[in-house]
Structure formats: structure tokens, C-alpha cells
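K.L.:
This structure is in C-alpha cells; I'll ask about it shortly.
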Amino acid sequence: MTRPTLDDLNRRVSAARAETEARGETFYPGASRVHLAAFPPKERWSDWVELDSKAWPERVERRYMLVPTTCFNCESACGLLAYVDRDTLEVRKFEGNPEHPGSRGRNCAKGPATVTQLTDPDRILTPLKRAGERGEGKWEPVGWDEALDDIAGRIRAAIDEDRHDEVMYHVGRPGEDGFTERTLAAWGIDGHNSHTNICSSGARAGYHLWMGMDRPSPDHENAQVILLISSHLEAGHYFNPHAQRVMEGKKRGAKLIVFDTRLSNTATHADHWLSTYPGSEAAVLLAIVNHLITTGRYNKAFVERWWNWREYLEENHPGEPVTFETFERALRDLYAEYTFDFAAAESGVSAETLAAVAEVVAGAGTRLSTHNWRSAAAGNLGGWQVARALFMLNALLGAIAVPGGTYPNSWNKFVPRPIRMPPRHPKHWNDLTWPADYPLSLMEMSFLLPHLVREQDRRLDVYFTRVYNPVWTNPDGFSWIEMLTDPGRIGLHVALTPTWNETAFFADYVLPMGHSSERHDLTSYEQYDGLWVGFRQPVLRAARERLGEEIASTRDVTPGEVWEENEFWIELTWRIDPDGSLGIREFFESRERPGEKMTVDEYYGWIFENSVPGLPEKAAREGLTPLQYMRRYGAFEIDATIGAVYEEPVPDGELDDVHVDADGRAFTRAGAPPVLNVVPLPPLDGDGEGRRRVGVEVDGAVRKGFPTPSGRLEFWSRTLAEWGWPELAVPGYLRSHVHRSKLDRDQMCLISTFRLPVQIHTRSANAKWLNEIAHTNPLWLHPRDAARVGVETGDLVRVETGIGHFVVKAWVTEGMHPGVVACSHHMGRWKTGDGPRQSMATVALNREGSGWGMERKRGTGPFRSNDPDTSRIWWTDVGVHQNMTFPVQPDPVSGAHCWHQAVRVRKAAAGDNYGDIVVDTAKSRRTFRRWLKLTRSAARHSPDGTRRPHWLLRPVRPEREAFRLPDETGNGGRSAADGEARSGRGPQSDP
Ligand code: SF4
């Protein structure tokens, strides 16, 4: 058979399009431009017929209803279409939703694997209450009513007795935009905790300090040069939506530059792969910066208009003329030390290669899209400077919020105003999440919780974990076990989870929550220069409603007694405040039926009707209500192009009695216009005379500018300078804690920040397809290092960290930088007794004082269940839980955990067995205190007596008064840091 030519394919597509459109149906051209790759026309989503692939070779027809929802297997929130069997009302499979503007019908392997999570024979189907000691593995079923009353009673008592800071909600993957944060705000507690500081805080800090927004939204599709610091094409942030746009950019001729120490799948697609030594990334980026400056190939007009260079000169070059020429001279001087030779020595990449890459960047003009999220920013002490140095390339070229450049996230994200907006300003400040030692952290110091609880001698009466598994995901898991098993520290631990996990084993209640096709949520993410809202919904609820049924509660359509969180929080809130006397219940009261509970239909129906511009009109054109439209299509694009918001003139209607200060910031007496998009942005101070900040004057016009203190891009950060870090106030390079000069001769750097493309932290534990594809995490080792250690692929090695060691298999590969080893963090799931059988090893935990050991009894294997596939499990390996052996290493500025480890790699000793873990938690406490000494606490360095700069982003922001330090010394486990802060030691010091 001859292969069709491109012309043949194009002809087929045109013919298929004409045919489909002649029937009055939507035509979805597939990614390959072949009609076969397209999707069922949306006009036939209520009754779609397909042959059953499992019945092959018989031709058995199945009738489906196609119902959209949103994937929950990473943060990308891609659209899914559930294929609901019309005869049995079962979900048979998931495919992509072509109506979703972010994912455009495409998914990674984890999207369709959702169906295996629904049918997992080990999923939790009933609320459970602990029946033995915590962690003993004894459970008994409990009714929702009993559990809700118990939890609500304790929360109510905490509120009544002014113990607000004893209630904490700790979330891993939120997967929604603000519902739960608003619930906590309604309760009046500052109890939100996140996973962000083991993930993206480093990058967020770098971006936020530049532009007042904490994420990049790169336009890869239209870029001329794409620069990624990560293995972004296989596992990055907004993985599938971005990966498809990177590939489209490449097809249009864009050059792809990848910084990745490993030869990842992403690196194999690069035009320029730089295997940089971990932590040297900022040195390389600043060498490119230096090249742009010294060759004069930067966008001077943009820099002059939008950087806060005047402020920089006034503060740092007093007495010199405040002219752009002076600034250009200062800029040249500042970065002159970052030569290609210097960067080559730091990174291990040749100066010639770096010079060639710098030329590629210099040729990008404004079409340079760049991205760093976890990776280097999450691995290193000072990782936040990697993001700051990377974004400086965009800022130099003017490649910000222009086609092919990098946009700020908040302008490409839409969080619709909800039906009721509780006060977003609790009166309380929680030192357990926002200790005064880390006044600039983005976000909560979540991974330090066991240490802070101990240092501050604190107790949590009600502690929720939700899609969060700190015992396994965080560093220092044994310290978490010590905290969770201590009733003096944790009164009641409630785990909200669809799946068993290592943290839920130590809970008091395990409450089963729905997977992505069993719950309601709103999502919206910055995946291109547009604005969209996605709707996650329980697909069987939507399917049965389409068939004419009335569904009062999502519990009526979920398996067993599984529930969804929206309805759970509404119910819990009502039980905390049953008569409304606390003023809490009102936020979940129906508007349509005063005095009754709000339903999810009313909640989302109101939002879609009133807060999403253009949706009611579009729905009406199809004869649908806005809620029906979203239940039918799952997503709505509000705007396809946003553009350079900072350049937009402030409308005349918002300008009244305008005052422009010496820095060009404009203030107005006009009231703020109503906003439908409540995406969090930094609050900007007024002029103290009743005017609010409205923009910044540039070229004689008041423009919207950036939400930073200066209104411009902050090359120099007054915040850093005034809060104790003047030497780090401009983008720079900090030698990481794993810099070669800081390692002993026999130590290497361990990279633990990468993940396998088909794994999903905790949630892939019950996805059988994904486990079959990837179920081990060997240690990547260069042949030279393997020879030195004396091992070959498959041999056991012992990897020694600062607090213990783990035993893992070696994988010898030239795809690794010599002197560096790497191990994926998505593996090594374990249980001590009953629990998921397809992905967790069974282990014994041994403890002697602060000494802990984990010993593997057996791996996974085949077992009989109602799913015949479980008897076909052919693998036994589940990988090794390396994170347990990592101490906490908090960056003193961003608060991010610095994941890279200084390790010794040895051939396994006699008696070492695969999967062994040994840890001393006394050493982890000592490591915590060593790193704490690097901080510069608000108690010593706050310029205004507050705990944190008011403008920095913060979820559930307390009211202004709560920002004040309570006394001269502040509070919050900071005492160990203060002495060192006075000595002026910074992060260049060894922890
Ligand atoms: S990238 Fe994959 S896992 Fe993430 S939301 Fe999309 S389909 Fe789901």
C-alpha cells in the first residue's frame, strides 16, 4: 500500500469537512489533519454509536452519551469526554474534549487512565473511622452524619473559644478556583495550607518580584525561540496544553533550547540541549543577559519605558544623573562578570556552546517564550533567582505579553465572581503557615509543619488533608508520622481522598471523595494568550439529567458512599453554624429559597449566568441555559486574545482628580469598576489621601502597568532591599547548596525533582494502565561514576543523604551529567497492612527513638478481584521512596524546599536490601535549625512592623491589622534565626 501524500491528506480533510458541514455538524480537524483523528460531531454527543473494541472480531455496536468533564490528574485541567454507555449508564472510557480551548481535544496518557481510577477494586467507597491506634490500620465504617457532626462540633468549639488557628485545611492539588478558600474565609480562619513550597514557590517568587504576578504564560505556538528550564515536553507544568503548543511552534520553525541536566525526552527534541550542572542555570542565563547588553541587542525603548530603572538609580547610585544612559552603564557593569567562560566553569557546558545559544536568543526579538516552574527553581538554594534571571531575558527583549513572548499568568486566567463572596480577610494570622522567619515566602511554609508545630509548641485540633499526602510526597516523611501519631499535636485528622495514601493511614476519618468525573469544580489556567473557564462535573449526574432525571445530590450518582467536596463543605458549614448565629451559614444559603441550603446547581448556575461574559448569549444561541451549556460542552472561551494589558490606557471613566507621584504612579478618586474576574492580584496602596492606585504614567498617558509597588517591571526590588536582602535585589546568581565547592570530594548532587510522564504523585496508585507502563525509579548514573562506585545497571546502590539512606537499583546511562545522579520522585509507594495492592509495597516500619527504618516485605503482584486485569500483574517492583531520606531545606527568601541533595553513592553493603530506608529524625531537626539560621526574620528586618509585605500574594489574606507583628519580637518559631540574622549571614553561607 502506498503512503498518502500530504496533498492526499489535505484533500481528504477538505472532503470530510464539506461532508460534515453539509450535515450541519461541527467538524473537528484532528491533530494529524486526517478525519479519522477528529472527534464525534458535538451535535451527536447525546447519541453516539461506536463499535466495541473489546468485542472484536465481532461487530458489536455501543450507544454512548458523550459528557464533558475536566481531568484532575495534574494541574493542566485538560478537557475530557466521558463515554457514558446509554444502556448501562456506566463510564466506559475517556477521550479528549475538542471544545476545550486549553487542551483542544488532546490528552496525555493520564487523562484516559481516569477510567481505571474509577474502577480500581481498592478505592475507598465508604467513610471510615479509626478503630485502633493511629497508623494501626484498623477501621470501621461510619455514617456521613456522624462524621460531619463530630468534625463540625470541634470546628464550632474552636471558633467559639477563639482557637481559630487550631483548624487547618492542607491541600495538595487544589484542582479548583477558590471554592474552598472562600469556605475558610467564611469560617473566619487563616487555616489554608498548600503544597506550593515543595513545588513552585521558587519560580513564583522570581516571577512575582518582577511583575507582581507569579506565573509565566508563554506563547510557545508563535515564538521564534522557546527556552525551557525543565523536561517540559514530557512532564512540565501545564504539560499537555503547553507541549502541543511547543511542538506547533517547532513546526513553524521555532528553535527549542532546553536546560536539563538529564537527557530527558524533552532534551531529545531540543535544537540546543544544555546539560547544565544543577544550580548553575542562573549563571548561564546571566551570561546570555551580558551578551545581549554588551552587543546592544536589547529592546532599549521597552526597558526605558517599563523597567523601574529610575528607582534603581536613585537608591543605588545617589549623586549620579538619573538618566537612561547612566542606567545602561550601570547595567553593563552589573553583569560584566557573567562571561561565557565563567558560565562554562559553573555549568560544565562549553563557552562556545553558550555563545551559540546566546546568539539564538539575541535573534528572537520579541518572539522569545520562556518557562521555568519546578526544576532548577525547586532544586536549589536561591532557585528563585533562576526564574528572575530567565524572565530578565524577556524583559530585556520586550518579549512580554506580545505574540510569541511570555505573558503574565493573571491576565490569562479567569476566576468568576461567585454568588456570595465571604470576607476575604480573616482577623487572624496563623504563624504555623506564615512564620515571621519567612516574610517573603510564596506560599505557606507547609513542608515545615512538623517542625513548626514542635518549635512553637502548637496543636491542631482539626487537621484536614485533601489530595495531599505529605508522609510520602514531602521530604522528611518520618517527622510527619511522628506529628500525625501524636494526639498532643493533632487532635483530629480528617483525610479527604478518593484513594488510600500513606498519610490517610494515619488519619482518624478517611472520607471518600470523587475522582475527576465525580465532582464539580471550576478551572481556568494560563495556557495561551486567551481566557477560558472549564467545568469539572459528575458525568453521571449530567448524563442522567440529560435523560430527564432530577438529581438532588451528587452522592446519588457516585459509587458506594463517595461524595464530592462542594456539597461536603456546604453541609459541614451548615452544621458548624446550624442556626446562622455565627454569621457563617449565610455564605451557603440559597438566594432562590432563603433559609435553605444552596445547591451546586444554584451556585454554578448563578456564576455562569452572571459572571462569565459572553456565556449567556452563546448558550442562548443554542437554546440552552448557561449551566446547561457548560454541562453539555464543559468549557467556554471568553476571549481568544488579551494582549499587552500593561500598555492599555486607563479608561477616562476611571480617572478623576488624578494625582501622579514622583515615580509616575497614578492615583484616582474614581471608584473601582465592578469586576467579574476575581483572580487574586496584589492589593496596591493608595496615596493616603483617599485616592486608589489606578496605573502608571508612561509617554504622557496613564496606563494600567503592572501590579507591582512601582507599577513597572521591577528589575530592582525595593521589597527585597527593605526586607533584609539588599544584596539580592536585582537578578543575580547564587551558588546553590549543591554547588561543587560545597560538596565533599566523595559527594555528588542528587536530582530528585523529575517525574515519570505517566505518574501523578499519589493519585496514580490506583491507575493500572499507568502502573504497568512505569513502576520503577532506578538511579541514573554516568558510566564514569558507575565505574568509580563499582556498579553496573541493576546492581544495588546505597544513597546516603544528610539524615539517612535509601537502597535502589543503578541505571548506568550516558544521558546523565558526570558527577550528578538522578531518581524520579513518583515511585516507592508503601503500606504496612491492607491498602492498594497494585502499586504499593508492603513494608515494616521500625522505630527506636529518633531512628526509623523501613524494610520491604514484598512488592506488588497478581491478585484476584472483580477486575480480571489484577490477576495479570506481571511486575513486582514499585520503586523506592527516596523522599523519606531528605531533610527539609527551606530557601530563606522564597521559602521553597530546595530538593537537590548532597549524597554519597556507594555499592550496597552486605545486608542492604532493595527499598530499605533508614532515617534519624533528630538529624532532620538539626538540619531544619541549620537552614533556619539562614533566614532574615520579619521580627528583625521588617521595615514597618508588619510580618510580611502587604502586596505579596497570599491565599485567604487576613485583614490589614493582622499583618502587624504582635510584639517587639514577633512570634512563630523564629528564635533560632534571629541571632544569625543579626550576624548578616546570607544564603551564600553553607547551611
Ligand atoms: S496533561 Fe494529562 S494529566 Fe494533565 S490534565 Fe491534561 S490529560 Fe490530565
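The values are calculated or read from the model by the stated rules, or taken from the named source; none is laboratory data. None of the values given here were measured: they were computed from a predicted structure. Neighbour counts run over all protein chains shown; Cβ positions are idealised from the backbone, glycine included. In case anyone asks, the SASA skips ligands and DNA or RNA and just uses the protein heavy atoms, side chains included. Shrake-Rupley method; radii C 1.70, N 1.55, O 1.52, S 1.80 Å.
K.L.:
Read phi for every residue in the range 554-564 and hand back ³J(HN,Hα) as whole Hz from Karplus 6.51 cos²θ - 1.76 cosθ + 1.60, θ = phi - 60°, with x for Gly and Pro.
P.N.:
Listing the rounded values in order: 4, 4, 6, 10, 8, x, x, 10, 4, 10, 10 Hz.
K.L.:
Which three lengths, in whole Å and largest first, does the range 417-509 cover when its Cα atoms are put on their principal axes?
P.N.:
Largest first, the range 417-509 extends 37, 34, 23 Å along its Cα principal axes.
K.L.:
What translational diffusion coefficient, to the nearest whole µm²/s, does the range 212-326 have by Stokes-Einstein, given a Kirkwood radius computed over alpha-carbon pairs, a temperature of 10 °C and 1.306 mPa s viscosity?
P.N.:
My calculation gives 96 µm²/s for D.
K.L.:
Based on the Kirkwood radius over alpha-carbon pairs, what value in µm²/s does the Stokes-Einstein equation return for the translational diffusion coefficient of the range 565-648 at 25 °C and 0.890 mPa s? All intermediate terms of the calculation are to be shown ahead of the outcome.
P.N.:
Values: Rh = 15.0 Å.
Diffusion coefficient, whole number: 163 µm²/s.
K.L.:
Between the alpha-carbon centers of the range 221-297 and the range 483-497, tell me the distance in whole angstrom.
P.N.:
43
K.L.:
Ordering Lys54, Lys597 from largest to smallest accessible area (1.4 angstrom probe), what's the sequence?
P.N.:
Lys54, Lys597
K.L.:
Decide, for the range 303-393, between rounded, prolate and oblate: order the square roots of the alpha carbon gyration tensor eigenvalues as a ≥ b ≥ c, take rounded if a/c falls under 1.5, and otherwise choose prolate if a/b is larger than b/c, else oblate.
P.N.:
Since a/c reaches 1.5 and a/b is larger than b/c, the shape of the range 303-393 is classed as prolate.
K.L.:
Another question, if that's okay. Based on the alpha carbons, how large is the Rg to Rh ratio for the range 108-180 when Rh follows Kirkwood?
P.N.:
Working: Rg = 17.0 Å, Rh = 16.0 Å.
Taking Rh as the inverse mean 1/r over Cα pairs, Rg/Rh reads 1.06.
K.L.:
Let me ask another. Using a 1.4 angstrom probe and counting only protein chains, how large is the accessible area of Val808 in Å², to 10?
P.N.:
Solvent-accessible area, nearest 10 Å²: 0 Å².
K.L.:
Give, in whole angstrom and from largest to smallest, the semi-axes √(5λ) of the equivalent ellipsoid of the range 802-934, with λ running over the eigenvalues of the Cα gyration tensor. Don't jump to the answer; show the numbers that get you there.
P.N.:
On the way: eigenvalues 182, 70, 49 Å².
Over the Cα atoms of the range 802-934, the ellipsoid semi-axes are 30, 19, 16 Å.
K.L.:
A further question follows. Could you compute the FRET efficiency for Ala355 and Ala787, with r as their C-beta to C-beta distance and R0 at 25 Å, rounded to 0.05?
P.N.:
0.15
K.L.:
While we're on this one: Shape of the range 19-111 from its Cα gyration tensor (a ≥ b ≥ c, root eigenvalues): rounded if a/c is under 1.5, otherwise prolate when a/b > b/c, or oblate?
P.N.:
In terms of gyration-tensor shape, oblate.
K.L.:
Moving on. How would you order 250-263, 293-306 from highest to lowest mean count of nearby Cβ atoms within 10 Å?
P.N.:
Values: 250-263: 20.3, 293-306: 16.4.
Result, highest mean first: 250-263, 293-306.
K.L.:
Once the Cα gyration tensor of the range 57-109 is diagonalised, what are the square roots of 5 times its eigenvalues, in whole Å and ordered largest first, as equivalent ellipsoid semi-axes? Intermediate results must be reported in sequence, preceding the final value.
P.N.:
Working: eigenvalues 113, 25, 19 Å².
Three semi-axes, in Å: 24, 11, 10.
K.L.:
Give the distance, in whole Å, between the Cα centre of the range 357-381 and the Cα centre of the range 773-808.
P.N.:
30
K.L.:
Okay, next question. If I stretch the segment between Ala672 and Asn316 completely, what's the gain in nm (0.36 nm per residue apart, minus their alpha carbon distance), one decimal?
P.N.:
124.6 nm
K.L.:
Hey, which of these cross-link pairs are over 28 Å Cα-Cα: Lys54/Lys831; Lys597/Lys831; Lys93/Lys809; Lys427/Lys597; Lys110/Lys413?
P.N.:
Beyond 28 Å between Cα atoms: Lys54/Lys831; Lys597/Lys831; Lys93/Lys809.
K.L.:
Under 19 Å from a point placed 7 Å out from the Cα of Glu545 along the Cα-to-Cβ direction: which residues of the range 166-186 have their backbone N that close?
P.N.:
Within reach of a label on Glu545, which here means backbone N under 19 Å from a point 7 Å along Cα→Cβ, the range 166-186 contributes 176-177, 179.
K.L.:
As a test, work out the antiparallel percent of DSSP beta bridges whose residues both lie in the chain, rounded to the nearest 5. Kindly include the intermediate steps, with their values, before the conclusion.
P.N.:
On the way: 72 of 114 bridges.
DSSP beta bridges in the chain are roughly 65 percent antiparallel.
K.L.:
Moving on to the next point. Please list, in chain and number order, the residues 5+ apart from Ser103 or on another chain whose amide H is under 5 Å from its amide H, with Hs placed from the backbone.
P.N.:
Gly79
K.L.:
Quick one: which of 690-698, 786-794 comes out on top by average Cβ neighbours within 10 Å, and what's the full order, highest first?
P.N.:
Packing order, densest peptide first, comes out as 690-698, 786-794.
K.L.:
Would you calculate the convex hull of the Cα atoms in the range 526-567 and tell me its volume per residue in Å³? Could the numbers behind the result be given before it?
P.N.:
Working: hull volume 4.7 nm³, N = 42.
Hull volume over Cα atoms, normalised by residue count, gives 112 Å³.
K.L.:
So how far, in whole Å, is the C-alpha centre of the range 686-740 from the one of the range 134-165?
P.N.:
44
K.L.:
I would also like to ask the following. Run the simple label-point estimate for Ala922 and Glu689 please: 7 Å along Cα→C-beta, distance reported in nm.
P.N.:
6.4
K.L.:
Right, next: Give me the tail of P(r) for the range 893-963 as a percent: Cα-Cα pairs with distance above 14 Å.
P.N.:
Summing the P(r) tail past 14 Å for the range 893-963 gives 77 percent.
K.L.:
Starting from 0.36 nm per residue, how many nanometres of slack lie between Glu136 and Glu596 once their C-alpha separation is accounted for? Can you show the working numbers first?
P.N.:
Values: separation 460, 0.36 × 460 = 165.60 nm, distance 4.10 nm.
Extending this stretch completely gives an extra 161.5 nm.
K.L.:
Name the long-range amide H neighbours of Arg62: under 5 Å, sequence gap of 5 or more, or other chain; modelled H, no Pro or chain starts.
P.N.:
Glu50, Leu51, Asp52
K.L.:
Which chymotrypsin sites (Phe, Trp or Tyr not before Pro) in the range 314-362 pass both tests, a DSSP loop state and at most 16 other beta-carbon atoms within 10 Å?
P.N.:
In loop regions of the range 314-362 (DSSP not H, G, I, E or B), there are no sparsely surrounded chymotrypsin sites (Phe, Trp or Tyr not before Pro).
K.L.:
What do you get for Rg/Rh of the range 698-840 when both radii come from the Cα atoms and Rh is the Kirkwood radius?
P.N.:
Ratio of gyration radius to Kirkwood radius for the range 698-840: 1.16.
K.L.:
Moving on. In sequence order, what are the phi-derived ³J(HN,Hα) couplings for the range 731-745 according to the Karplus relation 6.51 cos²θ - 1.76 cosθ + 1.60 with θ = phi - 60°, rounded to whole Hz, with x for glycine and proline?
P.N.:
x, x, 10, 10, 6, 5, 5, 10, 4, 3, 5, 9, 9, 5, 4
K.L.:
The chain: D in µm²/s via Stokes-Einstein (Kirkwood Rh, Cα pairs, 4 °C, 1.567 mPa s)?
P.N.:
44
K.L.:
Determine the gain in length on full extension of the stretch Ser741-Glu609; use 0.36 nm per residue of separation and subtract their C-alpha separation, reporting nm with one decimal.
P.N.:
41.5 nm
K.L.:
At q = 0.10, 0.18, 0.19 Å⁻¹, what is the log10 ratio I(q)/I(0) for the range 631-787, with the Debye formula run over Cα points and no solvent?
P.N.:
Values returned for q = 0.10, 0.18, 0.19 Å⁻¹ are -0.74, -1.13, -1.20.
K.L.:
Return the long-range amide H neighbours of Ser217 (sequence gap of 5 or more, or a different chain), with a cut-off of under 5 Å between placed amide H atoms.
P.N.:
Under 5 Å from the amide H of Ser217: Tyr407, Asn409.
K.L.:
Next question, about the same structure. What are the radius of gyration and Dmax of the range 602-646, computed over its Cα atoms and given in Å?
P.N.:
That works out to 11.7, 38 Å for Rg and Dmax.
K.L.:
Let me ask you something else. How large is ³J(HN,Hα) for each residue in the range 936-941, as worked out from phi by the Karplus curve 6.51 cos²θ - 1.76 cosθ + 1.60 (θ = phi - 60°), to whole Hz, x for Gly and Pro?
P.N.:
Whole-Hz 3J(HN,Hα) from phi for the range 936-941: 10, 6, 4, 4, 9, 10.
K.L.:
Percent of alpha carbon pairs in the range 505-612 separated by more than 16 Å?
P.N.:
67
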